[in-house]
Amino acid sequence: MYLEDQDSGEPFMSNKIILSQEYIDWFTLGKISRPRFGLNFPAQFIETQMDWEDIILNPSTEKQLFEIKLWLKHNHALMN
């Protein structure tokens, strides 16, 4: 969420509160859609036939990635 850009001379808190499209999709569709690429988000979607086992990483980066994967797998148990 963010506040809409402030109009000249208007109080800061008089602006609209905007909910990002990703959250609207999540709440209404149950999934987060891919970002909308354009001038404000100059990127492109890339796909590959490779798998996670094909990636070569610095050992420190590989350890951090492993920790993220563990968290994603076990976060429910850890938080409870």
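The values are calculated or read from the model by the stated rules, or taken from the named source; none is laboratory data. This is a predicted model, so every value here is computed, not measured. Please note: Cβ atoms are built from the backbone with ideal geometry, for glycine as well, and neighbour counts cover all protein chains shown.
What to note about this one:
- Restricting region 28-54 to residues that are of a type in the set (A, V, I, L, M, F, W, C) and surrounded by 10 or more Cβ atoms within 10 Å (Cβ to Cβ), the residue that is modelled with the lowest pLDDT: F37
- Here Q6 fulfils each of the conditions (1) outside any helix (DSSP H, G or I); (2) surrounded by 10 or more Cβ atoms within 10 Å (Cβ to Cβ); (3) in contact (Cβ under 8 Å) with a residue 12 or more places away in the chain apart from (3).
- Residues being more than 28 Å from S33 (Cβ to Cβ) and either touching a helix residue (DSSP H, G or I) at 6+ places or on another chain (Cβ under 8 Å) or surrounded by 10 or more Cβ atoms within 10 Å (Cβ to Cβ) (or both) - total across region 67-80: 1
- Cross-chain or 6+ apart pairs with Cβ under 9 Å, region 13-33 first and more than 16 Å from L3 (Cα to Cα), then among the charged types (D, E, K, R) and modelled with pLDDT under 85: I32/E22; S33/E22
- For Q44, the conditions (1) closer than 30 Å to D5 by Cβ; (2) part of a helix (DSSP H, G or I) are fulfilled apart from (2).
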